[in-house]
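Only one structure is covered here, and it is reproduced in the block below.
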Amino acid sequence: MEKKKAKKTAHVGDAARAGAGADADADAPWGWLTNRGLVPTFSLISLFGLLVRAAVSLHPYSGAGTPPKYGDFEAQRHWMEITVNLPARDWYVNGTLNDLAYWGLDYPPLTAYQSYVHGLFLKLFDPDAVALFASRGYETYFSKLLMRWTVLSSDVMVFFPAVFYFWIVYNRGRSRGGERCDAAWHVAMLLINPCLILIDHGHFQYNCISLGLTVGAVAAVLSQKDLIACALFSLALNHKQMSAYFAPAFFSHLLGKCLRRKNPFFEVSRLGLVVMGTFAVVWLPYLYSTDALLQVLSRLAPFERGIYEDYVANFWCATSVLIKWKRLFLTPKLKLFSFIMTLSTCLPSMIHQISSPSSQGFLYGLLNSSLPFYLFSFQVHEKSILLPLLPASLLALDNPSLYKWLTHYGLLSMFPLLHRDGLLLPYITLNALYFLLYHVPRDKRVSKVTGSSAAYPILSAFSVCCYFGLHLIYLTMHPPEKYPFLFEALIMIFCFFHFALLAIYTNKKQWTLSKHSMLLNKEKKII
């Protein structure tokens with residue numbers, strides 16, 4: 001009789017706890033969405049992300065109506081024109097049918113194949129849009145609509161599935177209402193990244209492809225599928241050479257894992273074979289001769305442009321106010337300086353992952369290799385800040401304040417470029433949308449800010465005032481005639497200072513991860 005009563009009491013207790021859990025799930029932020037399941041949650045956020053992208057696509061793009069070379073929109077269209085009308089071996093060769101001085105292809109072959117596929121799509125519906133020579137500066141409403149659709153479809157086919165893969169892997173085991181809500185918030189941060197949307201769907205590029213392949217490779221690493229990770233990251237490198245910003249992190253983490261297995265040489269060899277095999281398949285049309293291969297490689301390294309061009313928030317541009325690098329040193333010397341500084345600032349993170357590889361350390365390693373590349377490598381563009389922003393967004397759930405600040409400064413660093421493109425309205429709107437989504441209530445146990453000092457609120461308030469002040473100055477005041485780019489320089493120096501501080505913080509954060517794991521291991525041994 002007593003056993004029956006105990007069972008009945010336990011059953012009632014379980015039911016009560018289940019009911020309480022259901023109520024908590026319903027009351028939790030995003031609860032109305034997460035209670036429907038993973039796939040509906042992701043689908044609804046993805047649909048909203050696509051609507052935001054479509055809305056931004058209605059605004060101007062880089063070089064709209066500005067001959068003779070227009071801008072990035074015309075560059076992408078011209079590559080479609082070249083790849084559709086010429087054989088693959090002529091895509092990177094200067095000639096009467098392919099003037100490399102007019103937006104010549106300067107990305108790896110996978111970008112050329114992507115341009116070919118999209119060119120066939122344009123040719124099917126609007127042949128004049130890719131007609132050889134005759135289509136230069138072609139800007140009809142229908143052709144612009146088709147071009148915008150190619151970027152949207154690339155997002156849907158590459159970036160969104162990769163984010164879903166990462167989201168499932170990274171948030172595996174989150175079952176409570178609060179944790180599921182945090183996971184929904186995380187996917188919103190990944191899919192509604194204002195910087196990526198403004199560049200790809202406003203300015204006009206296809207960063208979603210290379211970044212999507214990288215996210216897929218990261219997810220494969222986290223799920224212990226290292227061969228798939230190598231293939232996907234090799235494809236990312238073959239789409240945009242700037243994906244090399246992540247190469248030190250992938251190399252050091254995978255090497256660290258291989259060194260801890262029974263046969264390290266075999267493990268490294270099979271990963272190397274996958275990388276070489278992927279590269280061989282992509283570069284197949286150019287492997288028939290050494291000259292053809294070198295011709296393509298020469299197009300991928302724009303050393304003739306100098307160590308920097310526009311006002312980019314990196315070391316070379318920021319310090320050029322005091323040190324005229326281009327006047328004092330020739331390009332070979334600057335290449336050497338850049339290489340040494342980039343490698344030396346990546347090295348601590350690499351050493352950490354070789355000696356103590358971990359999933360969380362790998363994500364920080366991605367940030368601690370891409371940020372030094374942005375700060376110190378040769379010929380960096382404003383848009384390259386998208387690369388450090390990617391691992392910061394992957395870490396957004398564990399370190400939301402890091403993602404917040406890097407996103408704000410990333411947006412500000414691109415503000416002059418986006419303003420020139422006529423994208424002020426979507427810039428302001430996406431800033432506001434990001435602010436609202438970021439401050440949606442989350443599980444405080446997961447999203448708390450760690451490591452903040454007493455001076456943090458004061459410094460944060462000062463930084464925010466400068467952030468808004470620089471926007472206001474740029475929009476309302478005219479620079480002196482003697483210094484026409486004064487405001488761009490101020491924005492660049494301000495952002496560089498914050499990027500450098502964040503780089504120091506993230507390196508320190510990565511090394512504290514191993515200390516924390518060592519303490520946990522000691523506690524387990526004591527127990």
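The values are calculated or read from the model by the stated rules, or taken from the named source; none is laboratory data. The structure presented is a predicted model; accordingly, all values stated were derived computationally and were not measured. FYI the Cβ positions are ideal-geometry reconstructions off the backbone, even for glycines, and counts take in every protein chain you see. With ligands, DNA and RNA removed, areas are computed over all heavy atoms of the protein, side chains included. Shrake-Rupley method; radii C 1.70, N 1.55, O 1.52, S 1.80 Å.
Return the subset of K404/K508; K225/K257; K404/K509 for which the Cα-Cα distance in this structure is over 20 Å, preserving the input order.
Numbers: K404/K508 18 Å; K225/K257 12 Å; K404/K509 16 Å.
Pairs exceeding 20 Å: none.
Output ³J(HN,Hα) for segment 317-332: one whole-Hz value per residue in order, computed from phi by the Karplus curve 6.51 cos²θ - 1.76 cosθ + 1.60 with θ = phi - 60°, and x for Gly and Pro.
6, 5, 7, 5, 4, 9, 10, 7, 4, 5, 7, 7, 10, 7, 4, x
Which value at 222 nm does the chain reach when only helices count, each DSSP H run of 4 or more adding -39,500 (n - 2.57), with the total divided by all residues and rounded to the nearest 500 deg cm²/dmol? Don't skip to the answer; put the middle values down first.
Details: 24 runs with 360 residues, N = 527.
So the helix-based figure for the chain works out to -22500 deg cm²/dmol.
Regarding the chain, what's the average projected area of the Cα-atom convex hull, expressed in nm²? Present the calculation step by step, with values, prior to reporting the outcome.
Numbers: hull surface 123.5 nm².
Computed as one quarter of the Cα hull surface, the answer is 30.9 nm².
State the extension gain, in nm to one decimal, for the chain segment bounded by D90 and A432, taking 0.36 nm per residue of separation less the distance between their alpha-carbons.
Working: separation 342, 0.36 × 342 = 123.12 nm, distance 4.60 nm.
Length gained between D90 and A432: 118.5 nm.
Using only the alpha-carbon atoms, how far is helix 247-258 inclined from the longest principal axis of the chain? Give it as 0 to 90 degrees, nearest 10.
Tilt relative to the chain: about 40 degrees.
For segment 38-169, just say rounded, prolate or oblate: build the C-alpha gyration tensor, square-root its eigenvalues into a ≥ b ≥ c, call rounded for a/c under 1.5, and beyond that prolate if a/b exceeds b/c, oblate if not. Walk me through the intermediate numbers first.
On the way: a/c = 2.48, a/b = 1.71, b/c = 1.45.
Prolate shape, in that a/c is at least 1.5 and a/b is the bigger ratio.
Quick check on packing: order 269-280, 190-201 by the mean number of other C-beta atoms within 10 Å, highest mean leading.
190-201, 269-280
May I ask for the angle, rounded to the nearest 10°, between helix 72-85 and the longest principal axis of the chain, with both axes built from Cα atoms and the value confined to 0 to 90°?
Relative to the chain, helix 72-85 is tipped by roughly 70 degrees.
How large is ³J(HN,Hα), in whole Hz, for each residue of segment 54-61 in order, when computed from phi with the Karplus curve 6.51 cos²θ - 1.76 cosθ + 1.60 and θ = phi - 60°, using x for Gly and Pro?
For segment 54-61, the Karplus-derived couplings read 5, 5, 5, 5, 6, 9, x, 9 Hz, x marking Gly and Pro.
So what are the three principal axis dimensions of segment 90-162 from its Cα atoms, in whole Å, longest to shortest?
Principal axes ranked by extent give 40, 29, 17 Å for the Cα atoms.
For L152 and A489 in one chain, what is 0.36 nm times their gap in residues minus the Cα-Cα distance, to one decimal in nm?
On the way: separation 337, 0.36 × 337 = 121.32 nm, distance 3.35 nm.
Residue separation times 0.36 nm, minus the Cα-Cα distance, leaves 118.0 nm.
Quick one: accessible surface of K404, probe radius 1.4 Å, all protein chains present, in square angstrom to the nearest 10.
My reading of the accessible area for K404 is about 40 Å².
Beta carbons within 10 angstrom, averaged per residue: use that to sort the peptides 129-140, 228-239, 462-473, highest first.
228-239, 129-140, 462-473
Give the separation of the Cα centroids, segment 321-398 to segment 126-144, in Å.
39
Set the Förster distance to 25 Å, then compute FRET efficiency between I228 and A54 from the Cβ-Cβ distance, nearest 0.05.
Numbers: r = 32 Å, r/R0 = 1.26.
Efficiency computed from Cβ-Cβ geometry: 0.20.
Fully extended, how many nm does the chain gain between L322 and L336 (0.36 nm per residue separation, minus their Cα-Cα distance)? Could you put the intermediate results ahead of the total?
Values: separation 14, 0.36 × 14 = 5.04 nm, distance 2.02 nm.
Gain in length upon complete extension: 3.0 nm.
Quick one: if you stick a label point 7 Å off each Cα along the C-beta vector at L47 and L287, how many nm between them?
A separation of 4.5 nm, rounded to one decimal place.
Is there a pair in K123/K144; K69/K240; K69/K333; K326/K383 whose C-alpha atoms are over 20 Å apart, and which pairs would that be?
Working: K123/K144 13 Å; K69/K240 22 Å; K69/K333 31 Å; K326/K383 22 Å.
Beyond 20 Å between Cα atoms: K69/K240; K69/K333; K326/K383.
So what's the net charge close to L418: Lys and Arg +1, Asp and Glu -1, counting the other residues with Cβ under 13 Å from its Cβ? Don't jump to the answer; show the numbers that get you there.
Details: positive: K383, R420; negative: D72, D200, D310, E382, D421, E488.
Here the charged neighbours net out to -4.
Cβ neighbours within 10 Å, averaged per peptide: list 255-267, 474-486 in order, most packed at the top. List each step's numbers first, then the result.
Details: 255-267: 13.8, 474-486: 10.3.
Descending mean neighbour count gives 255-267, 474-486.
Would you work out the charge dipole size for the chain about its Cα centre, treating the Cβ of every Lys and Arg as +1 and the Cβ of every Asp and Glu as -1, and quote it to the nearest 20 debye? If you can, show how the numbers build up before the last one.
Numbers: 47 positive and 31 negative charges, 483 e Å.
The calculation lands at about 2320 debye.
Could you work out how far helix 400-420 tilts from the main Cα principal axis of the chain, as a 0 to 90 degree angle to the nearest 10?
20
Run the simple label-point estimate for L300 and D128 please: 7 Å along Cα→C-beta, distance reported in nm.
Calculated label separation equals 3.8 nm.
Taking all protein chains together and a probe of 1.4 Å, list R420, R77, R299 from the most accessible to the least accessible. Provide the component values of the computation, followed by the final result.
On the way: R420 135, R77 5, R299 55 Å².
Result, largest first: R420, R299, R77.
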